[in-house]
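Q: Encoded as structure tokens, here's the structure I'll be asking about.
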Amino acid sequence: MSDFPAVTLPRKLNDEQCGGGYFPFLDHRGLYLQCERMSNLVVEVQVKAALPTNGGCAVFLGSEEKAFVIYVDQMVGSAIMTFIKKLPKERPQTHDLFGHMLTALGTKVQRAVINDVQDGIYYGRLILVAENELAEKKIIELDARPSDCIALALQSESPIYVGKSVWDQAEDMTDILEKVEGFQIVEGDELA
């Protein structure tokens, strides 16, 4: 028996479920909480910074209003930093492979949503749009770690959203972000 939330693959969403212009908002278990206008449910955020830590990487997400931090493992943190800086890679990494597979299958990342937080653990959803050879579109929603959602959204230059309830709960880390923004990390150097 797994302790992980159930994966809901694939989930086809359409206008009949929530109505035009509305967004079906799910919790970390994949249960529909409500259908509401997207602007009432989420806040669009950008990755403000990604900084290495002793245990992985601190990813600062935010808007002009505030910033908060999600801690991710070193491998995904490295991918996020690579996508932010648009650095070339010698060989495709895991997120590159997944992105190439999506493209080959006629699927695009539409958006990433960090939709829930429970006991300090963030949950995310990756929203994909697939189009077949008959130009029929299907929206697919995948349960995913927020770190992977962020990396794939950055890779595809898609928007990242945070659920309003998650946004309201998140501690404002703008002061800490401003203190470290001036520092440049050079290979082999420690953060001053």
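The values are calculated or read from the model by the stated rules, or taken from the named source; none is laboratory data. Fair warning: this is a prediction, and the values are worked out from it, not measured in the lab. Positions of Cβ are backbone-derived with ideal geometry, glycine not excepted, and every protein chain shown enters the neighbour counts.
Q: Somewhere in region 104-119, is a residue out of contact with any helix residue (DSSP H, G or I) (no Cβ under 9 Å at 6 or more places or on another chain), without any contact (Cβ under 8 Å) to a residue 24 or more places away in the chain and either of a type in the set (Gly, Ala, Ser) or assigned to a loop (DSSP other than H, G, I, E, B) (or both)?
A: yes
Q: From Gly106, Gly120, which residue is on the phi > 0 side of the Ramachandran plot and either surrounded by 22 or more Cβ atoms within 10 Å (Cβ to Cβ) or touching a strand residue (DSSP E or B) at 6+ places or on another chain (Cβ under 6 Å) (or both)?
A: Details: Gly120 fails: either surrounded by 22 or more Cβ atoms within 10 Å (Cβ to Cβ) or touching a strand residue (DSSP E or B) at 6+ places or on another chain (Cβ under 6 Å) (or both).
Exactly one of Gly106, Gly120 is on the phi > 0 side of the Ramachandran plot and either surrounded by 22 or more Cβ atoms within 10 Å (Cβ to Cβ) or touching a strand residue (DSSP E or B) at 6+ places or on another chain (Cβ under 6 Å) (or both), namely Gly106.
Q: Going through region 102-127 one residue at a time, which ones are among the hydrophobic types (A, V, I, L, M, F, W, C) and either modelled with pLDDT under 90 or under 19 Å from Val43 (Cα atoms) (or both)?
A: Ala104, Leu105, Val109, Ala112, Val113, Ile114, Val117, Ile121, Leu126, Ile127
To keep it simple, each residue is scored yes or no on (1) part of a helix (DSSP H, G or I); (2) surrounded by 19 or more Cβ atoms within 10 Å (Cβ to Cβ); (3) modelled with pLDDT of 95 or more.
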| site | (1), (2), (3) |
| --- | --- |
| Asp148 | yes, yes, yes |
| Ala151 | yes, yes, yes |
| Asp168 | yes, no, no |
| Leu177 | yes, yes, no |
